[in-house]
Amino acid sequence: MKVILFFILLFFSSNLFAEASKKEAHGYASKVIEKTFKIIKDNKNSKQFKSLLESSFLKEIDTKWSCRAIAGQLWSQMTKEQTEKFNKGCYSFLLNFWLQKFQQYTNETYSILDNIENIDDKNFLSTIVLHTNTNNQPKDINLNIRIKYKDGEYKIVNANVEGIDMIRSYNNQFNDYADKNGIEKLLEYLLNFK
């Protein structure tokens, strides 16, 4: 009887901890999105926009993990020096890519949906809906953010915009570029992307 009671308590307590993690992940995603959109709204045209975006949004991305995933099989073909250049170039690429995207926003609004998903015990998927209105044509854009819990903190590791997985997309793009031009040219491209 004691053994059964122990397993029942263990089951319910593990569900409580999973729920608490989902709530924390949802709170984290909400905080990041709210802060990022405030920066976009208040500072989009300022000279500090890039540094503000870097210090708020990009620091919330586990760029080391994401860049390694983006490199995919290229990672094993690179030397240690090349992987360091790749990480630096990938970071620069992500910063400039998102900077361009965020500069295109005008007065969009967003909703953070409450239905955060557990992928596993350390990975979560949060959905944000961006409400746009271009040329009087309203459109909702779904943005799914994958959040990973690692070393006591939450970090964004991937994004999926309208079904386009960012890591897969960049992986295909960078691998194609390296196949055609070589790894050194890819590193040069990433480090100089504007």
Among the listed pairs Lys80/Lys148; Lys23/Lys101; Lys85/Lys194; Lys47/Lys194; Lys101/Lys185, which are separated by more than 21 Å between their Cα atoms? Lys80/Lys148; Lys23/Lys101; Lys101/Lys185
Sorting Ser55, Trp75, His131 by the position of each Cα along the dipole of the stretch 2-192 (Lys, Arg +1; Asp, Glu -1; all at Cβ), the one nearest the positive end of that ordering is Ser55
Which value, in debye to the nearest 20, describes the size of the charge dipole of the chain about its Cα centre when Lys and Arg Cβ atoms bear +1, Asp and Glu Cβ atoms bear -1, and nothing else is charged? 420
Taking the Cα centre of the stretch 18-107 as origin, sum charge times position over the Cβ atoms of Lys and Arg (+1) and Asp and Glu (-1), and report the length of that vector in debye to the nearest 20. 220
Just to be sure I understand, if you calculate Rg/Rh (Cα atoms, Kirkwood Rh) for this structure, which of (i) 1.05; (ii) 1.01; (iii) 1.22 do you get? (i)
Which one, Ser46, Tyr189, Ser30, projects farthest toward the positive side of the charge dipole computed for the stretch 2-192 from Cβ point charges (K/R +1, D/E -1)? Ser46
Less than 17 Å apart at the alpha-carbon level, and either on another chain or at least 8 residues along: which aspartates and glutamates does that give for Lys35? Glu24, Glu54, Glu60, Glu108
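None of the figures in this text is laboratory data; all of them are computed from the coordinates on show. Just so you know, these numbers come straight off a predicted model, no measurement behind them. So basically every Cβ, Gly included, is an ideal-geometry build from the backbone, and we count neighbours across all protein chains shown.
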